[in-house]
Amino acid sequence: MSHYSLKQLDGGALQLSSEAVESLSAALRGEILTPDSSHYDWGRSIWNAMIDRRPGLIARCVVPSDVRAALDFAREHRLLVSVKGGGHNVAGNAVCDGGLMIDLSPMRWVRVDAERQVAQVGAGALLGDLDREALAYDLITPLGINSTTGVAGLTLGGGFGWLSRRFGLSVDNLLSADLVGTDGQMLHASEEHLPDLFWALRGGGGNFGIVTSFEFKLHPICPDVFAGLIVYPLSEAASVMRQYRAFAADAPDNLSVWCVLRQAPPLPFLDAGDHGREVILLALCYSGNPDEGDALIEPLRHLGTPLGEHLGRQPYGAWQTAFDPLLTPGARNYWKSHNFKALDDGVIDSLVAATSTLPSPHCEIFVGQLGGVINLRSAEATAYPHRDVEFVINMHARWETAAEDKSCVGWARALFDALAPAATGGVYVNFMTEDEQARVGNAYGPNQRRLMQLKQRYDPDNLLRMNQNIRPDSEN
């Protein structure tokens, strides 16, 4: 009889018989992948190519009972567990070394109730799946900016994108969640049922159970938006950002304008000679009447001498895929991130200086505009606490080969350190890398104590620890 070696929670190795693995497989409607399976390497691959871990087993779950069977198996054998939704998180927490990877990606479904204006979403669904099904009824909920991101991971960390200034965070639009508790119970959490757990799920990550489906509030929307890019040379970026700062302060909630500093991709509306040149792009989305967008954003066309622009009316679903080509899987990625209440001159100057020393043509800095209705709620309203933030700056190092690791990671860390004195000290949990466990307290601020108490209640053994981990109260 063959055996499989799996890593346990205490770091030890457990030899499991093939009979035990076959019994788990028989309990699933999905499938079990072992290191000998023909598509094992496909099953363990995720978006960030820096993550190269080898689970002892992969349980590909199709229905909630599969998740319960896999979690029961892990609890019985004290196995290290990781949970994969879309597999897009930069920290790579979806994949564990040697343990049991619970893969929810087969649960990729969306059901829209247009009359009630709600959507039921499986834990394996991607942003593009939900956008497509909701927009068929001229409805939407606020998600992120990359259509291949998983709905589950995005939502459990907070979730923001082009529509968040108008409709709030993804967690602000979450009505309920179904999950499997670490004790094997099938749970339903909402404002009316298990409200403490529901509060924790709205920003607390995958610390409290494995969510198998989400219910979102949908909003009527014109399926077309006014969106696009204006590109300025880096030589004008400091002036452009100072003017942008003033424009953003008075922008309506249905307009989001983000700044991206990087080398210009081969955009067809730019001269070929400008491809690869350091630039600042203003990426904007106006979700009001598209016919009003052109006049509203007109001042942004005159912040300097643009290299080019591509602006106009387009389907929102198309705009949601605009950045997909820059965020394809297979590259090596490392992020550092800060929250800001304002963009002072020192921050702007540091961003421009860092853009002049990009270590790879794929590296970029983005300045995401938040505020709007996001900040109308209190810090304690949801586990996500950052309700006074106007901008998030992400230092996105991205490159192709391991030989570039040191220079690219070093670039991101150096800019992070330069910006720290002007930042709030808080951080968006979905932008944290695997080496930032010490920043978990910064991610949750005034809510951390309550989250630790809830972790003690719902996962006292810290079975779900492959995440930006909130430790049970008893461990602190």
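Taken together, the values in this text are just the output of simple stated rules run on the coordinates, not laboratory data. None of the values given here were measured: they were computed from a predicted structure. Glycine gets a Cβ as well: all are built from the backbone with ideal geometry, and neighbour counts include every protein chain shown.
Contact order, relative form, for the stretch 326-476: 29 percent (alpha carbon pairs under 8 Å, 6 or more residues apart, mean separation divided by residue count). Ratio of Rg to Rh for the chain: 0.97 [Cα atoms; Kirkwood radius as inverse mean 1/r over pairs]. A crude spin-label estimate for the pair Val63 and Ala318, with each label 7 Å from Cα along the Cβ direction, gives 4.1 nm.
Taking the charge dipole of the chain about its Cα centre, with +1 at Lys and Arg Cβ atoms and -1 at Asp and Glu Cβ atoms, the residue from Ala397, Leu139, Val427 reaching farthest to the positive side is Val427. Across the chain, Cα pairs under 8 Å and at least six residues apart give a relative contact order of 15 percent.
The ranking of Lys406, Lys217, Lys341 from fewest to most other beta carbons within 10 Å of each one's beta carbon is Lys406, Lys341, Lys217. Annotation for the stretch 66-136 versus the stretch 369-423: alpha-carbon center distance of 25 Å. The charge dipole of the stretch 334-402, taken about its Cα centre with unit charges on the Cβ of Lys, Arg, Asp and Glu (plus for the first two, minus for the last two), comes to roughly 220 debye.
Amide H contacts for Lys84 (H built 1.01 Å from N in the peptide plane; partners 5 or more residues away or on another chain; cut-off under 5 Å): Ile102, Asp103, Leu104. For Tyr40 and Ser356, what is the calculated FRET efficiency with R₀ set at 30 Å and r taken between the beta-carbons, to the nearest 0.05? Calculated transfer efficiency: 0.10. The alpha carbons of the stretch 3-103 stretch over 33, 30, 24 Å along the principal axes, in descending order.
Protection proxy ranking of 247-253, 346-352, by the mean of other Cβ atoms within 10 Å over each peptide's residues and highest first, is 346-352, 247-253. Cross-link partners for Lys84 among the lysines, with Cα-Cα distance under 30 Å and sequence neighbours closer than 8 places in the same chain left out: Lys7, Lys217, Lys336, Lys406, Lys455. Each of Asp405, Asp129 was scored by other Cβ atoms within 10 Å of its Cβ. Listed from fewest to most, they are Asp405, Asp129.
Would you please name the trypsin sites (Lys or Arg not before Pro) within the stretch 109-199 that are DSSP coil residues with at most 15 other C-beta atoms within 10 Å of their C-beta? Passing both the DSSP loop test and the Cβ count: Arg116. For Val225, which sequence-distant residues (separation of 5 or more, or a different chain) have an amide H within less than 5 Å of its own amide H, given hydrogens modelled in the peptide plane? Residues meeting the criterion, in which the H sits 1.01 Å from N, are Gln314, Tyr316. Report the antiparallel proportion of the DSSP beta bridges in the chain as a percent, rounded to a multiple of 5. The antiparallel proportion sits near 90 percent. Close amide H pairs (under 5 Å, H built 1.01 Å from N) link Val62 with Arg29, Gly30, residues at least 5 positions away or on another chain. Rounded to the nearest 20 debye, the dipole size of the stretch 91-212 about its Cα centre is 320 debye, using +1 on the Cβ of Lys and Arg and -1 on the Cβ of Asp and Glu.
Summing Cβ point charges (Lys, Arg +1; Asp, Glu -1) relative to the Cα centre of the chain gives a dipole of roughly 620 debye. Extension gain, Arg413-Ser239: 0.36 nm per intervening residue step, less the Cα-Cα distance, totals 60.1 nm.
Modelled label positions at Ala26 and Cys222, each set 7 Å beyond Cα in the direction of Cβ, lie 6.1 nm from each other. What the phi angles of the stretch 393-398 give under the Karplus curve with 6.51, -1.76 and 1.60, with θ = phi - 60°, is a coupling list of 10, 10, 8, 9, 7, 9 Hz, glycine and proline written as x. Neighbour counts of C-beta atoms inside 10 Å place Met186, Met50, Met107 in the sequence Met186, Met50, Met107, starting with the fewest.
Here the Karplus relation 6.51 cos²θ - 1.76 cosθ + 1.60, evaluated at θ = phi - 60°, turns the backbone of the stretch 152-161 into coupling constants of 5, x, 4, 5, 5, x, x, x, 9, x Hz, with x for every Gly and Pro. Among the chymotrypsin sites (Phe, Trp or Tyr not before Pro) within the stretch 41-144, those in coil by DSSP and having at most 15 neighbouring Cβ atoms inside 10 Å are Trp109.
Short-range pairs are left out: with C-alpha atoms under 8 Å and at least six residues apart, the relative contact order of the stretch 179-281 is 22 percent. Gain on full extension, evaluated as 0.36 nm per residue between Trp109 and Asp10 minus their Cα-Cα distance, stands at 32.1 nm.
Exposed loop positions in the chain were taken to be GluC sites (Glu not before Pro) whose DSSP state is not H, G, I, E or B and which have at most 14 other beta-carbon atoms within 10 angstrom. Between these positions, the longest stretch is 193-379.
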